[in-house]
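Chemist: Have a look at this one.
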Amino acid sequence: MRIFLLAAVSAAAISGAAFAAEKPMYGAWGVDLTARDVAVKPGDDFNKYANGAWEKKTTIPADQASAGVGYDVYNRSQDQLRTLIETADASTPIGALYKSFTDEAKVEQVDDAPLKADLAKLAAVSSKAELAKALGAAHGGFGPDLFSLDIYPDAKNPELNTLYIGQSGLGLPDRDYYLTDGFKPQLAAYTAFAERALKMAGYADPAKSAADVIAFETAIAKVSWAVADRRDIDKVYNPVTMDELKAYAPEVPWADYLAAAGVTGRSQVVLGEKSAVRDIAKLFADTPLETLKAWQTVQGVLEMSPYLSKRFVDSRFDYIKVLSGQTQLRPRWKRGVQLVDGSLGELVGQAYVAKYFPPSSKAQMVDLIANLKTAMAERIQKAPWMAPATKQAALAKLSKMSVMVGYPDKWRDYSGLKLDVTDLYGNVRRSGAFEWAYTLGDLGKPVDHGKWGMTPQTVNAYNGGLENKIVFPAGILQAPYFDPAADPAVNYGAIGAVIGHEISHGFDDQGRKIDDTGKLRDWWTAEDAKRFEAQAAVLGGQYGTYEPVPGMKINPALTMGENIADLAGLQVAYDAYHAALKGKPAPVVGGMTGDQRFFLAFAQSWQDKSRDDSLKQQMASDPHSPSNFRVIGPTRNVDAWYAAFGVKPGDKFYLPPEKRSRIW
Ligand SMILES: [Zn+2]
């Protein structure tokens, strides 16, 4: 391991090629002008104006659910990881894990032997008491659980990690898949998968057992919380003592269950979806043992199929392709890279940043983020609806918000993980156990703020609300989001809006409930909250009319926080861009004003073409709006966008000034 990493570092130092960037990756100044469809009026559909020609000429690859800049950057990163991973020696953890995945002959030869051993243990369970232990042991072990177990900062005492228990147990992405007609094909595909899995596991009447499993999961779906409620931090913070938990949901032997998960000595836990935990516990008692065991089998097979022989891989793909709309399985190397990336994230990440992340990018980002924070502070100061005392508290929260860029200061140690080049299934199981032990190691301990919730190579960013921090992994600091060689208007419009988005989460419909120390505490006056909610309702009213897939509109409650952050991010990035010009007019480049380039770069940073099934999955389960409305939704609320593109009354997405959202 050590040798491999040193080799990677020195190779980068010698060649330096990975860092070279004299000219922008996209176009002459950072934007792909050929992607535009200039026949479309910006006010009629700004996304089509910015991305329409690209959309027309783009075919979504058969093995992808979507295409666009997000996928392009992801694929670019995966190619880079592939280089690092494929050259790793089999004696290193990365090499051993990857080679165990790519040795298809071995995987075929082993077939279902390792799975059989796990299934035999499930089959031997003869009572609900034993089954409860199997559910607990599923964390870091084999099979599903009816409950989620997470270790996070205690929202009321955010310097200490605690245990959150929530709803779980569904094999489909969300409760809506069981309960609404729009997802009938997906439910049918899952039912068919369940039958195949039970048949492969040797069930005598797989059709009957599969029907029982689906009926059981449908019952779970009925008592599960809707995803919009699950993001309401007030609703999902329900601390209880162990005695209260036993009284509230007496059907589960909690102490034994938790002990099997490795959790002992807790006097208090936090319930997430409280009533669902209670009702799922009832279902646990009311459902026949054999149905529960069949359910474990179906989901256990589902989880482990990617690491089994071809018949398992294909059976699983026949199901999941109906969720995403992709028609072709991704090539084996991509799946192998994904496995290594997911299992040894920071080990791969350490090599990745050494080779592909220039230190100068980190310095540039730190400056950009500081400018964005200043712009956000000015927005807060100017917000007409916020009381002076609330403004002071908001500014304090903003100034304390910590910023992390590129990669963590301290790398994770994987030396305890045993990997065997001949044992893919065992590697995945040991890796799962290793991961759970790592997570569990935080329970009851002070929060380590240096730990990251994303790996450095992740093409994403996040706001860690309970730690009041924002994190920008190296993976997203690439063109077209961030390009050191691009026009500043482009960097502000793309990564600037992402930075503003993450900062503003600290002050959105959930962030406003968390104070500067990360504590769940209402620090707003009742009047502030009322005025904020009125403004948020204006925005929600707009998003509720958008229909990305025929017959399916955006859920404004689910997407509220992200929509607010998208708008705030754009506004703050715009302010920061102008502040950076220091009072001078922006130069005209390629016949375009600075503002035009800024908004165009913003729109192209969301360039995306998705399959309908994938969009439906996103809209049912993801708090982010589909990409085209992440372009249209925010821009039409920004006055400067109207001026930049001459958008007029009568244009399809024109909003009169009094109907534009004025949250920030
Ligand atoms: Zn967000």
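Chemist: Of all residues in segment 175-187, which are without any contact (Cβ under 8 Å) to a residue 12 or more places away in the chain and assigned to a helix (DSSP H, G or I)?
Modeler: Step one: of segment 175-187, the residues without any contact (Cβ under 8 Å) to a residue 12 or more places away in the chain are 180-181, 184.
Residues satisfying the conditions are Asp181, Lys184.
Chemist: Search segment 523-566 for residues being part of a loop (DSSP other than H, G, I, E, B) and within 16 Å of the ligand (Cβ to nearest atom), and hand back the single one that is nearest to Ser625 (Cα to Cα).
Modeler: It comes out as Ile554.
Chemist: Only one of Lys609, Lys652, Lys616 is assigned to a strand (DSSP E or B) and away from the ligand (no atom under 16 Å from the Cβ); which?
Modeler: On the way: Lys652 fails: assigned to a strand (DSSP E or B); Lys616 fails: assigned to a strand (DSSP E or B).
Checking each option against the conditions leaves just Lys609.
Chemist: Can I ask one more? Given the criterion closer than 30 Å to Ser661 by Cα, small (Gly, Ala, Ser) and surrounded by fewer than 19 Cβ atoms within 10 Å (Cβ to Cβ), identify the matching residue among Ala394, Ala377, Ala383.
Modeler: Only one candidate qualifies: Ala377.
Chemist: I've got another one for you. Go over the candidates Arg316, Arg335, Arg278 one by one and state the one that is assigned by TED's automatic domain parsing to the domain that holds Thr191 and either in contact with a helix residue (DSSP H, G or I) (Cβ under 7 Å, 6 or more places away or on another chain) or among the hydrophobic types (A, V, I, L, M, F, W, C) (or both).
Modeler: Arg278 is the lone residue from the list that is assigned by TED's automatic domain parsing to the domain that holds Thr191 and either in contact with a helix residue (DSSP H, G or I) (Cβ under 7 Å, 6 or more places away or on another chain) or among the hydrophobic types (A, V, I, L, M, F, W, C) (or both).
Chemist: Might you let me know whether segment 494-508 holds any residue that is in contact (Cβ under 8 Å) with a residue 40 or more places away in the chain, outside any helix (DSSP H, G or I) and within 12 Å of the ligand (Cβ to nearest atom)?
Modeler: Within segment 494-508, the first condition is being in contact (Cβ under 8 Å) with a residue 40 or more places away in the chain, and the residues that meet it are 494-508.
Next cut, outside any helix (DSSP H, G or I) only: 508.
Remaining after also requiring within 12 Å of the ligand (Cβ to nearest atom): 508.
So far as segment 494-508 goes, yes, one or more of its residues are in contact (Cβ under 8 Å) with a residue 40 or more places away in the chain, outside any helix (DSSP H, G or I) and within 12 Å of the ligand (Cβ to nearest atom).
Chemist: Search segment 326-345 for residues being assigned to a helix (DSSP H, G or I) and basic (Lys, Arg), and hand back the single one that is nearest to Arg430 (Cα to Cα).
Modeler: Among residues in segment 326-345 that are assigned to a helix (DSSP H, G or I) and basic (Lys, Arg), the one nearest to Arg430 (Cα to Cα) is Arg335.
Chemist: Continuing with the same structure: Among the residues that make up segment 476-489, is at least one of them assigned to a loop (DSSP other than H, G, I, E, B), hydroxyl-bearing (Ser, Thr, Tyr) and within 16 Å of the ligand (Cβ to nearest atom)? Can you show your working first?
Modeler: The first filter runs over segment 476-489 and keeps only residues assigned to a loop (DSSP other than H, G, I, E, B), leaving 477-487.
Among the residues that remain, those that are also hydroxyl-bearing (Ser, Thr, Tyr) are: 481.
Right, trim to within 16 Å of the ligand (Cβ to nearest atom) and you get 481.
The answer is yes, given that some residue of segment 476-489 is assigned to a loop (DSSP other than H, G, I, E, B), hydroxyl-bearing (Ser, Thr, Tyr) and within 16 Å of the ligand (Cβ to nearest atom).
Chemist: May I pose another question? Would you check if Ala155 is closer than 30 Å to Val270 by Cα and buried (at least 22 other Cβ atoms within 10 Å of the Cβ)?
Modeler: Values: closer than 30 Å to Val270 by Cα: yes; buried (at least 22 other Cβ atoms within 10 Å of the Cβ): yes.
For Ala155, the condition - closer than 30 Å to Val270 by Cα and buried (at least 22 other Cβ atoms within 10 Å of the Cβ) - is met.
Chemist: Tally time: how many residues in segment 444-465 are more than 15 Å from the ligand (Cβ to nearest atom) and surrounded by 17 or more Cβ atoms within 10 Å (Cβ to Cβ)?
Modeler: The number of residues fulfilling the criteria is 5.
Chemist: Just checking, how many residues over segment 301-325 are under 24 Å from the mean Cα position of the chain (by Cα) and not in a helix (DSSP H, G or I)?
Modeler: Counting residues in segment 301-325 that are under 24 Å from the mean Cα position of the chain (by Cα) and not in a helix (DSSP H, G or I) gives 1.
Chemist: How many of the residues in segment 108-156 are over 22 Å from Glu273 (Cβ atoms) and among the β-branched types (Val, Ile, Thr)?
Modeler: The total comes to 2.
Chemist: Would you mention how many residues in segment 463-485 are in contact with a Phe, Trp or Tyr (Cβ under 7 Å, 6 or more places away or on another chain) and more than 16 Å from Arg76 (Cβ to Cβ)?
Modeler: 2
Chemist: Still on this structure, I have one more. Between Tyr307, Tyr352, which is under 23 Å from Val107 (Cβ atoms) and in contact (Cβ under 8 Å) with a residue 12 or more places away in the chain?
Modeler: One residue alone meets the criteria, Tyr307.
Chemist: Right, here's the next one. Which of the following residues is under 18 Å from His139 (Cα atoms) and assigned to a helix (DSSP H, G or I): Ala255, Ala247?
Modeler: Ala255
Chemist: Of everything in segment 620-649, what is within 16 Å of the ligand (Cβ to nearest atom), surrounded by 19 or more Cβ atoms within 10 Å (Cβ to Cβ) and farther than 19 Å from Ala536 by Cβ? Give them in sequence order.
Modeler: Pro626, Ser627, Val631
Chemist: Which one of the conditions (1) more than 23 Å from Glu159 (Cβ to Cβ); (2) free of Cβ contacts under 8 Å to residues at least 60 places away in the same chain does Tyr414 fail to meet, given that it meets all the rest?
Modeler: That leaves (2) as the condition not met.
Chemist: Turning to a different aspect of this structure: Scan (1) more than 20 Å from Ala354 (Cα to Cα); (2) in contact (Cβ under 8 Å) with a residue 40 or more places away in the chain for the single condition Arg430 breaks and write down its number.
Modeler: Only one criterion in (1) more than 20 Å from Ala354 (Cα to Cα); (2) in contact (Cβ under 8 Å) with a residue 40 or more places away in the chain is unmet by Arg430, namely (2).
Chemist: In addition: Of the conditions (1) in contact (Cβ under 8 Å) with a residue 60 or more places away in the chain; (2) closer than 20 Å to Pro42 by Cα; (3) over 19 Å from the mean Cα position of the chain (by Cα), Thr545 fails just one. Which one is it?
Modeler: So the condition that Thr545 fails would be (1).
Chemist: Gly518 fails exactly one of the following numbered conditions: (1) within 16 Å of the ligand (Cβ to nearest atom); (2) touching a Gly at 6+ places or on another chain (Cβ under 8 Å); (3) within 19 Å of Ala394 (Cα to Cα). What is the number of that condition?
Modeler: The one condition Gly518 does not meet is (1).
Chemist: Are any of the residues in segment 192-199 free of Cβ contacts under 8 Å to residues at least 40 places away in the same chain and out of contact with any strand residue (DSSP E or B) (no Cβ under 9 Å at 6 or more places or on another chain)?
Modeler: Yes, segment 192-199 has at least one match.
The values are calculated or read from the model by the stated rules, or taken from the named source; none is laboratory data. Note that the structure is predicted; figures quoted are calculated from it, not measured. A quick note on method: Cβ atoms are made from the backbone with ideal geometry, for glycine too, and the neighbour counts reach across all protein chains shown.
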